[in-house]
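The values are calculated or read from the model by the stated rules, or taken from the named source; none is laboratory data. All values derive from a computational prediction rather than experimental measurement. Note: ideal-geometry Cβ built from the backbone for every residue, glycine included; neighbour counts use all protein chains shown.
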Amino acid sequence: MPLKAELHCHIEGAASPELVIRQATKYGRDASPFIRDGAFVWHDFTSFLAAYDFSADLFRTEDDYARLSEHYLTSLARDGAVYSEFFISPDHALKAGLSPAAYADALGEGIVRARAKTGIEARMIVTGVRHVGIEAVEQAARFAVKCGNPLVTGLGLAGDERIGGFDDFVRAFEIAREAGLGITVHAGELTGWQTVAAALDHIRPSRIGHGVRAIENPDLVKRIADEGVVLECCPGSNVALAVFPSFAEHPFPALMAAGCKVTLNSDDPPYFHTSLKREYDIASVHFGMSDKALLGVTRTAIEAAFVDRKTKQALLAKLGRAGQRR
Ligand code: ADE
Ligand code: ZN
């Protein structure tokens, strides 16, 4: 089993249906419109977001959030992950009545606990939700810069790609860049290659969340390869959301063959019936990747991680030792 690393998981989207039902009971809410037969119920991106927002609203206290990140990271470590970067969303915290600082610190407490139990390293990416609005994304950027939590190392942009253009978010990402935060934005998931090109033109991120629909434009694929932009690919999520009809038609192998830096990620694992382990299994079974090639994907993720140099070197050394053992 190759060692793994994840760069793209939304922490509220990592809560299992059982945990969400437990939270719903705790707060006196009826989860049945969104969870049936132990699975989240949705049929397209809009209804996925509705189920996601319903569940996120059931995490309200520092203890709720600390347990959530501790649980997610502990199970990730059990599946062979040495590193995780997950998206956190101050907008969800505010909606739940918690200050962004208390929210980030609580999730950080979960990281510390999981690290003590399993050795897994993790960092957090403060993420603006584009359909919440431009001002909210800028507020998220200012929070990421000033929060003072050393485990917050990046700024991201998620939400409904069909709303707003990347030119709307330039200021937010300039705030982050000036402060030395890492930058990643979702693009080329629900919308075509044009949004990936717009993200590169306007935001200049080192990583793109998904980015897979860049495959529609060979010149753009070449640009991604030439510029060394890292793609946070989530094949299980893409097939579940019908971005591609099957794994056989997923462009991960083609992007890799074209020289793009690609990584494997679970996105919102229980919504898409996946896990980081399943993503690596998909790559093995459907993309024909060997354990050695998969370890290379993990190395790409660590090299692209928004983490200090010393931690990155230690993680790369761990991968090196694992490579020598096989
Ligand atoms: N928020 C949570 N999951 C997301 C996804 N897959 N795309 C965009 N925004 C999201
Ligand atoms: Zn995502």
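Overview of results
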{"read-out": "Test for Arg223: is it at negative phi, within 16 Å of ligand 1 (Cβ to nearest atom) and touching a residue at least 12 places away in the same chain (Cβ under 8 Å)", "value": "no"}
{"read-out": "The lone exception for Glu6 - which of (1) of a type in the set (D, E, K, R); (2) out of contact with any Leu (no Cβ under 9 Å at 6 or more places or on another chain); (3) part of a strand (DSSP E or B) it fails", "value": "(2)"}
{"read-out": "Ala214 being closer than 24 Å to His286 by Cβ, surrounded by 22 or more Cβ atoms within 10 Å (Cβ to Cβ) and without any contact (Cβ under 8 Å) to a residue 60 or more places away in the chain", "value": "yes"}
{"read-out": "Meets criteria (touching a residue at least 60 places away in the same chain (Cβ under 8 Å) and not small (Gly, Ala, Ser)) for Phe40", "value": "yes"}
{"read-out": "Which listed residue, of Leu58, Leu49, is away from ligand 1 (no atom under 14 Å from the Cβ) and either touching a helix residue (DSSP H, G or I) at 6+ places or on another chain (Cβ under 8 Å) or in a helix (DSSP H, G or I) (or both)", "value": "Leu58"}
{"read-out": "Subset of segment 137-165 [part of a helix (DSSP H, G or I) and either within 14 Å of ligand 1 (Cβ to nearest atom) or free of Cβ contacts under 8 Å to residues at least 24 places away in the same chain (or both)]", "value": "Val137, Ala140, Lys146"}
{"read-out": "Sole exception among (1) within 20 Å of Leu157 (Cα to Cα); (2) of a type outside the set (D, E, K, R); (3) free of Cβ contacts under 8 Å to residues at least 60 places away in the same chain for Leu241, by number", "value": "(3)"}
{"read-out": "Hey, Arg115 farther than 23 Å from Gly209 by Cα, touching a strand residue (DSSP E or B) at 6+ places or on another chain (Cβ under 7 Å) and charged (D, E, K, R) or not", "value": "yes"}
{"read-out": "Strands (runs of 3 or more DSSP E) lying entirely in segment 172-250 (those with 1 or more residues that are among the polar types (S, T, N, Q), away from ligand 2 (no atom under 13 Å from the Cβ) and in contact with a strand residue (DSSP E or B) (Cβ under 8 Å, 6 or more places away or on another chain))", "value": "none"}
{"read-out": "Residues of segment 80-99 satisfying the condition of being of a type in the set (S, T, N, Q) and either away from ligand 2 (no atom under 16 Å from the Cβ) or surrounded by fewer than 23 Cβ atoms within 10 Å (Cβ to Cβ) (or both)", "value": "Ser99"}
{"read-out": "Phe34 vs. criteria buried (at least 17 other Cβ atoms within 10 Å of the Cβ), under 21 Å from the mean Cα position of the chain (by Cα) and farther than 30 Å from Gly296 by Cα", "value": "no"}
{"read-out": "Criterion (modelled with pLDDT of 95 or more and within 16 Å of ligand 1 (Cβ to nearest atom)) met by exactly one of Pro245, Pro253, Pro235", "value": "Pro235"}
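One line per residue, one yes/no per condition, for (1) in a helix (DSSP H, G or I); (2) more than 27 Å from Leu276 (Cβ to Cβ); (3) without any contact (Cβ under 8 Å) to a residue 60 or more places away in the chain; (4) of a type in the set (Phe, Trp, Tyr):
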{"site": "Tyr72", "(1), (2), (3), (4)": "yes, no, no, yes"}
{"site": "Ala77", "(1), (2), (3), (4)": "yes, no, yes, no"}
{"site": "Asp91", "(1), (2), (3), (4)": "yes, no, yes, no"}
{"site": "Tyr103", "(1), (2), (3), (4)": "yes, no, yes, yes"}
{"site": "Ile111", "(1), (2), (3), (4)": "yes, no, yes, no"}
